[in-house]
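Novice: Attaching a single structure in structure tokens format; questions to follow.
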Amino acid sequence: MQKNSWWHWLILAAAVIASIVIVSPPFDEKDEQGRVVRPGKIKFGLDLQGGTSFTVAVDRDELRARLRERSPDMTDEQIDAAIAKDIVASRDVALEAIRNRIDGLGIAEPQIYPQMEDRIVVQMPGIDAKKRDSARKSIQSVAFLEFRLVHKENDGWIRKLAESEKAPRGFLAEGSGAEFHYLRDRKAVPDEAMDSAYWAEVRRFAPREGAEFMLQRDEEGEPKRTVWKPVYVERAVMLSGKAVDEARTDFDQMNRPVVELKFTRQGAKQFTEIIRRYRPNGEMNRDSEDGRRLAIILDGVLRSAPEITDRFPHDTTIRTCEISGRGMELTEVKQLVNVLKTGALLAPMKIVQESSVDPTLGKASVASGGNAALIGMGAVAAFMLLYYLVPGIVANVALLLNAVLLPLGMFCVAGILAVFARTGGMPELPTLTLPGIAGIALMFGMAVDANVLIYERMREELKAGKHLVPAIEAGYDRAFVTIVDSNLTTVLAAVIMFWQGSGPIRGYAITLTAGILVSMYTAIVVTRMAFNLLASRGQLKTLKMLEWIKPASFDFVGWRKVAIAASLLVIAGSWAVFAMKGDKNFGVDFVGGTSLTVEYAQKVDDGAIRSALSAAGVQGDPLIQYQEAGTGTKRLSVQVRFEDGEKAEQALAAKFAESGFKVVQKEEIGPQIGQELKTKGLMALLWSLVGMVIYISIRFEFGFAIGAIAALAHDALISVGIFCLLGRQLSAPMIAVVLTIIGYSVNDTIVVFDRIREGLKLWRGKSYFEVCNLAINQTLSRTLLTAGTTILSALALFLFGGGAINDFALLLLIGLLVGTYSSIFIATPVMLLWHGDKRPVVAAAPAPKSGKNGKPAKATA
């Protein structure tokens, strides 16, 4: 046992505690009424909890047309410059308007955030079809900004309200006099019930002639809490949003944040008239030394009600004004600026992507994905225990530790990647999505790969005549470089996946990266600590392990021509079919359109479905496919044009109600988004290959990189070709799978290359062909065993993961099988074609230590 190893155990204990703290409590804690009293750390994506997501973009074409209409003399270059200058500001203004509207629909815990320079993502968990349609209409409608006067009797009426302690339904009265306000009563009216009809009811509360009752949301106190201040607003509109030319944040002489508002020419005349009448002692306000308050209302919601002061000039047209208030913070000012800018917003918004998942499908996905992960983990653990016996127990303990330490790994990886992605914010656990569950399931298969490499190395060291402790030490020392090289290639692919991906794909990349790094720690460090502890206490006398795969002496290199010819034949055949199918190989992610996933009780003929869609006005040739997952789930997939999504959804529900048709998932992607996703997918694949070439060239030699890249291209082409040949479609998650295949299949190739590198140094009497052949044979057990454990996890996903992840698991299975084949029959032969008979000079591997009695140990990797 190593001296002073107690601190290794201390670090492990600290990591376990930190991981548990990070994930506690894992899920939301709710009271008897079902309200969340303590939010959980694990957040489910919309694909797991159900709901709708919209991606909204600034309509650049409409913005261009409006700019040209406003300034006919502008050149195309000037218009492009104006768009580039104003696009982010337009997005931020639209963000405020959209948030205001979604809040008014009574949708619980919506997530609304900017994406890229011209897009906004709106995620609404758990909403039904009615609220989804309302949200869609609200998002695309024009913002309605207006200025109205606060009623002159407002203060007296509010005092009477305070004395009576009356409150609208869903609120509780608190305070008195000028401090009177309301607090939310979520028992009476939950947040999700606060829709447009509810707010119309609130405006009718305690009616007064000529006035409308409104509530202004505010934050006060320490710590901050949300209060609602009642205000009676006159019904007459004094000024519309069209009067606003510009609004911006500024600072006064005391360096306090204020709003500077600029009006159009006509708006300035109207505003000047309002100031003349309603300033202190103005024409319509002669009996008061206080100015009237001017309410700023966006889409029927009171956002601010500043007082009109006497600081305006008396004899000129007022083009600008300043809105300030005691205690106004910079965030409040910026928010009000965005509200005011909606009146001057030139660029309307359009929905470019929509994704809807029925809550029942989300729950089924959680159950099936979780079961698949547990089954895969159980299968891998059973194999390790059966094949490796006592070392298998140690590996299984490490496997459990992987699950415990995964939250810590995800937290750290998400924080690091967020820095490079410049997403900002505090690091937190990524939202758990279906691809994320697949990544966790895959992690359990990949986690034991390092254990397999170490144990097989130990086996060879024991065969070479070493005693137990030296064999254990040599097993870890000599496998270390191979483990690092092989795992870093997968991490490289995952990082590129995160860089080029978004949403669920980024979550999958984080999960995959964290799983690999955590498994490297447990396999290289923790299991070594366990072996050292057992050996030092005399509880481990020997290592008994089964050996189903005996040392082989096949002429793999001799079969290279046949293998390469067979691969070329499969590639040519599958891709010929791919070319004939054209765009039917791609999901709506890449070609744009609408994809509907339908559950049914009774199967309906394709012809009847086509007739119903055609009668509803759906154009083109809809793609109709019946699908059945390994769990027995039966679903229908219907793919139509982007413009025909609503027609198709309504037609299927109305025409085939007796057959039990129910749309459980909807994906709408505009052509622009589809083209961007396709471009990003191709760039991710290209950068992955470039990264592999650079890394392998540095670690080995350029000829080795050529062999590895040929194998990776072979794996990607055959996997995608066979996948599409089976009638499946490529989508954004499938690109993530291909990247995983690229990163993982090079693992076994690196193991072989590492053995060749070592053999070139030790087997000087053998030809280059013999060295390569011997290296493939000596690493055959590792190749088959590491691929086998990962295939067990992928197979569990395919059989038990449910329909939503079936395509993901199928492509992964194909890729793993093809990658195992290429590591043996493609990578090394292509490298030999590059080098010919000339032995390459490669970077030196760590020198093997002496075996028993000072004799050199056999070359192993």
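The values are calculated or read from the model by the stated rules, or taken from the named source; none is laboratory data. Since this is a predicted model, take the numbers as computed values, not measurements. Note that we place each Cβ from the backbone using ideal geometry, even for glycine, and neighbour counts take in every protein chain shown. The area values use the complete protein model at the heavy-atom level, side chains included, leaving out ligands, DNA and RNA. Shrake-Rupley method; radii C 1.70, N 1.55, O 1.52, S 1.80 Å.
Novice: Kindly establish whether A844 is surrounded by fewer than 20 Cβ atoms within 10 Å (Cβ to Cβ), modelled with pLDDT under 75 and outside any helix (DSSP H, G or I).
Specialist: Details: surrounded by fewer than 20 Cβ atoms within 10 Å (Cβ to Cβ): yes; modelled with pLDDT under 75: yes; outside any helix (DSSP H, G or I): yes.
Yes; evaluated as a whole, the condition is true for this residue.
Novice: Then there's this: Identify, please: which residue in segment 443-467 is open to solvent by 10 Å² or more (accessible area, probe 1.4 Å) and not in a helix (DSSP H, G or I) and is, among those, nearest to A809 (Cα to Cα)?
Specialist: My answer is A464.
To keep it simple, each residue is scored yes or no on (1) open to solvent by 20 Å² or more (accessible area, probe 1.4 Å); (2) basic (K, R); (3) modelled with pLDDT of 85 or more.
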| site | (1), (2), (3) |
| --- | --- |
| G475 | no, no, yes |
| F480 | yes, no, yes |
| G503 | yes, no, no |
| T513 | no, no, yes |
| L517 | yes, no, yes |
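Novice: Now a separate question. Do we find that R184 is farther than 30 Å from R319 by Cβ, touching a strand residue (DSSP E or B) at 6+ places or on another chain (Cβ under 9 Å), open to solvent by 50 Å² or more (accessible area, probe 1.4 Å) and not aromatic (F, W, Y) in this structure?
Specialist: Spelling it out, it is not the case that R184 is farther than 30 Å from R319 by Cβ, touching a strand residue (DSSP E or B) at 6+ places or on another chain (Cβ under 9 Å), open to solvent by 50 Å² or more (accessible area, probe 1.4 Å) and not aromatic (F, W, Y).
Novice: Find the residue count for segment 76-124, including only residues that are open to solvent by 40 Å² or more (accessible area, probe 1.4 Å), out of contact with any strand residue (DSSP E or B) (no Cβ under 8 Å at 6 or more places or on another chain) and on the phi > 0 side of the Ramachandran plot.
Specialist: 1
To keep it simple, each residue is scored yes or no on (1) outside any helix (DSSP H, G or I); (2) more than 23 Å from G819 (Cβ to Cβ); (3) within 31 Å of the chain's Cα centre (by Cα); (4) not hydrophobic (A, V, I, L, M, F, W, C).
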residue	(1), (2), (3), (4)
S519	no, no, yes, yes
G538	yes, yes, no, yes
K541	yes, yes, no, yes
M580	no, yes, no, no
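Novice: Only residues that are at pLDDT below 80, open to solvent by 70 Å² or more (accessible area, probe 1.4 Å) and among the hydrophobic types (A, V, I, L, M, F, W, C): list them for segment 25-42, please.
Specialist: V37, the sole residue that qualifies.
Novice: If you check R159, R132, R186, which single one turns out to be in a helix (DSSP H, G or I) and more than 28 Å from N338 (Cα to Cα)?
Specialist: Residue meeting the stated conditions: R159.
Novice: In addition: Would you confirm, using the coordinates I've provided, whether M238 is among the hydrophobic types (A, V, I, L, M, F, W, C), under 30 Å from L330 (Cα atoms), over 41 Å from the mean Cα position of the chain (by Cα) and surrounded by fewer than 14 Cβ atoms within 10 Å (Cβ to Cβ)? So that I can check it myself, show each step before the final result.
Specialist: Values: among the hydrophobic types (A, V, I, L, M, F, W, C): yes; under 30 Å from L330 (Cα atoms): yes; over 41 Å from the mean Cα position of the chain (by Cα): yes; surrounded by fewer than 14 Cβ atoms within 10 Å (Cβ to Cβ): no.
No.
Novice: Sort through S574, S595 and tell me the only one that's under 34 Å from the mean Cα position of the chain (by Cα), open to solvent by less than 30 Å² (accessible area, probe 1.4 Å) and either within 30 Å of K662 (Cα to Cα) or without any contact (Cβ under 8 Å) to a residue 24 or more places away in the chain (or both).
Specialist: Result of the check over S574, S595: S595.
Novice: Return yes or no: is F411 closer than 20 Å to D748 by Cα, open to solvent by 10 Å² or more (accessible area, probe 1.4 Å), among the aromatic types (F, W, Y) and out of contact with any Asp or Glu (no Cβ under 6 Å at 6 or more places or on another chain)? Break it down into steps so the answer makes sense when it comes.
Specialist: Details: closer than 20 Å to D748 by Cα: no; open to solvent by 10 Å² or more (accessible area, probe 1.4 Å): yes; among the aromatic types (F, W, Y): yes; out of contact with any Asp or Glu (no Cβ under 6 Å at 6 or more places or on another chain): yes.
No; evaluated as a whole, the condition is false for this residue.
Novice: With the requirement that a residue be more than 17 Å from I454 (Cβ to Cβ) and surrounded by 10 or more Cβ atoms within 10 Å (Cβ to Cβ), what does segment 534-552 give you?
Specialist: S536, P551, A552
Novice: Just the residues that are open to solvent by 80 Å² or more (accessible area, probe 1.4 Å), part of a loop (DSSP other than H, G, I, E, B) and not basic (K, R), please, taken from segment 241-264.
Specialist: Correct list: Q253, M254, N255.
Novice: Which condition from (1) over 27 Å from D245 (Cβ atoms); (2) not in a helix (DSSP H, G or I) is the one that I102 breaks?
Specialist: For I102, the failing item is (2).
Novice: Still on this structure: The conditions are (1) surrounded by fewer than 19 Cβ atoms within 10 Å (Cβ to Cβ); (2) in contact (Cβ under 8 Å) with a residue 60 or more places away in the chain; (3) not in a helix (DSSP H, G or I), and L215 fails exactly one of them. Which is it?
Specialist: (1)
Novice: Turning to a different aspect of this structure: I'd like the full set of residues that are open to solvent by less than 80 Å² (accessible area, probe 1.4 Å) and in a helix (DSSP H, G or I), limited to segment 553-571.
Specialist: V557, G558, R560, A563, I564, A565, A566, S567, V570, I571, listed by residue number.
Novice: While we're here: Do you know which residues across segment 657-674 are assigned to a helix (DSSP H, G or I) and either within 17 Å of S53 (Cα to Cα) or open to solvent by 30 Å² or more (accessible area, probe 1.4 Å) (or both)?
Specialist: A657, E658, P671, Q672, I673, G674
Novice: Next question. Going residue by residue through segment 762-769, is there one that turns out to be farther than 16 Å from R457 by Cβ and touching a Ser or Thr at 6+ places or on another chain (Cβ under 6 Å)?
Specialist: Keep residues of segment 762-769 that are farther than 16 Å from R457 by Cβ, which gives 763-769.
Those left that are additionally touching a Ser or Thr at 6+ places or on another chain (Cβ under 6 Å): none.
Within segment 762-769, not a single residue is farther than 16 Å from R457 by Cβ and touching a Ser or Thr at 6+ places or on another chain (Cβ under 6 Å).
Novice: On the basis of being closer than 30 Å to A382 by Cα, over 38 Å from the mean Cα position of the chain (by Cα), at pLDDT 90 or above and not small (G, A, S), does N773 make the cut?
Specialist: Criteria not met by N773.
Novice: Residues that are open to solvent by less than 60 Å² (accessible area, probe 1.4 Å), modelled with pLDDT of 80 or more and among the β-branched types (V, I, T): find the strands (runs of 3 or more DSSP E) completely inside segment 285-388 holding 2 or more of those.
Specialist: Answer list for segment 285-388: 294-298, 349-357.
Novice: Of all residues in segment 43-65, count the ones that are surrounded by fewer than 15 Cβ atoms within 10 Å (Cβ to Cβ) and either in contact (Cβ under 8 Å) with a residue 40 or more places away in the chain or touching a Phe, Trp or Tyr at 6+ places or on another chain (Cβ under 7 Å) (or both).
Specialist: Going through segment 43-65 one residue at a time, the tally reaches 1.
Novice: Separate question: Quick check on L677: is it in contact (Cβ under 8 Å) with a residue 24 or more places away in the chain, crowded, with 17+ Cβ neighbours inside 10 Å, within 23 Å of T820 (Cα to Cα) and within 27 Å of the chain's Cα centre (by Cα)?
Specialist: Answer is no for this residue.
Novice: Restricting to segment 793-823, and then to whatever is surrounded by fewer than 22 Cβ atoms within 10 Å (Cβ to Cβ) and farther than 27 Å from Y626 by Cβ, can you tell me which residue is nearest to the chain's Cα centre (by Cα)?
Specialist: T820
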